[in-house]
1. Yes or no: V289 surrounded by 15 or more Cβ atoms within 10 Å (Cβ to Cβ), assigned to a helix (DSSP H, G or I) and among the β-branched types (V, I, T)?
2. Given the structure, is K257 assigned to a helix (DSSP H, G or I) and touching a residue at least 60 places away in the same chain (Cβ under 8 Å)?
3. Out of segment 424-434, which residues are charged (D, E, K, R) and in a helix (DSSP H, G or I)?
4. Just checking, how many residues over segment 376-423 are of a type in the set (V, I, T) and part of a helix (DSSP H, G or I)?
5. Just checking, which of A374, A418, A411 is without any contact (Cβ under 8 Å) to a residue 60 or more places away in the chain and under 28 Å from K283 (Cα atoms)?
6. Find the residue count for segment 260-286, including only residues that are out of contact with any helix residue (DSSP H, G or I) (no Cβ under 6 Å at 6 or more places or on another chain) and part of a helix (DSSP H, G or I).
7. Select, from E366, E373, the only residue that is over 50 Å from the mean Cα position of the chain (by Cα) and modelled with pLDDT of 95 or more.
8. I'm trying to understand the selection: among the residues of segment 287-303, which are in contact (Cβ under 8 Å) with a residue 60 or more places away in the chain and either touching a helix residue (DSSP H, G or I) at 6+ places or on another chain (Cβ under 6 Å) or among the hydroxyl-bearing types (S, T, Y) (or both)?
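The values are calculated or read from the model by the stated rules, or taken from the named source; none is laboratory data. Keep in mind that what you see is a predicted model, and the values were worked out from it rather than measured. All Cβ positions, glycine included, derive from the backbone under ideal geometry; neighbour counts span all protein chains shown.
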Amino acid sequence: MTHEWLSVAVALLPPVGLWAAYPRRPAAASAIFAAALAAGAALLVSAPEAGRAGAALTAAWGIAGSALSWRLARRRETEQSGLVERLASVRVQRERMAEELRGLKARGLNAELAHREATALYGMVKSLSEAMSWEEARPRVEGALEQYFGPRVEYALYVAGLRGEGEVRPLAVRGLRASPGAAWATLERLMQEQGATAASPRAFEKPERSVGVPIKEGQELLGYLYARVPEGADASAWLAKTQSFVSELGVAFRRVKLFQEVERLSEIDGLTGVRRRGAFDKKIAEELVRAKTFKTTFGLMLLDIDHFKSLNDRYGHPFGDQVLKRIGVVLNSLVYDTDFVARYGGEEFAIVLPRAEPAGALRKAEAIRAAIEAELFSVGFEELRVTISIGVSHFPRDASTPEELIARADAALYSAKAGGRNRVVDSDALRRTN
């Protein structure tokens, strides 16, 4: 009976080995193979003489089948190891390819960004080369700033020397609420507090992360660009980017400034330093349109030097030129930047006073008359004073057209002359007396 059960056990060892070793357990298959060797040997020893041949076949089956199970498990393990290695290699290659793809995308984005920035700079330089005034330059620079830095850029762009040396005025300001960069006075104070100057680029950390870069050509300061650093951006990289943009602005700013200077000089009277008659005619027409559009007011003065012909006859034309030149200087010094002084005729001047009320225009006229009267003019060993007469009119009180407004001021000037000179006459007072 023992021999029979042992035969059954040996015969079942191959399928048991296949089950135990599946799918990749060569150690289990090896144990079954060892058991098959032991069980086969025991089977051969316990088999009766008559059943030796059958026992030998059973033992051979059990041992061969167990060995096959071990071999199959071992081969599967080897294949699995190779497959795992290949999968690991594929995974590494995939990660490498993904990294290369990310690098390509990053380089592509950088190339696209660089192309966009270069396009913005090229377009700005090209468009600014066609601009002949700051009014024309402003929208072109604003568009280039948005294209170069992105649509959410917050900045203030200043221009130096619009009306005089050292004067800096804003050309374009965007998104700088409660920022020191929103006004040149506060920006200058910030630079002083932090030991910076407008002549050098600077990154600021307080009170906000920002950069400031001068716009220069050679050593001349032509403007200044202040920009907030976006959240998450590196301040030094933003400063370098801003410098790249500004480096293209110097020549363009110089060109626009020269155009403006040439235009201004073409309107300036060479002797007196005030505007010419043609510029005055254009200005008063523009001011009338503006006043009508925005429902505002403005005043007009016509000034005439008293006894000027007698001065020329007595002291000569060089002295007359001296008087005209000095009066031009005094007039320019007494008016606001928004006021407009012009030489209207030989010894006549005109002043346009935008947004002036009648009482304010009269006070200004009287101050001008008194200032001219206080001037001393030297000719040889003699010192003398010169006086002026002034006629004042006002829009919309006195007229609705430039021609009417000038005629009313001229009538008031004639009345001042007839009344003894060295006085101011308002056209409204003249109308009431008539």
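1. Judged against the criteria, V289 is not a match.
2. So K257 fits the description; yes.
3. Those that are charged (D, E, K, R) and in a helix (DSSP H, G or I): D428, R431, R432.
4. Number of matching residues: 1.
5. Answer to the selection: A411.
6. 14
7. Residue meeting the stated conditions: E373.
8. L288, T297, F298, G299, L300, M301, L302
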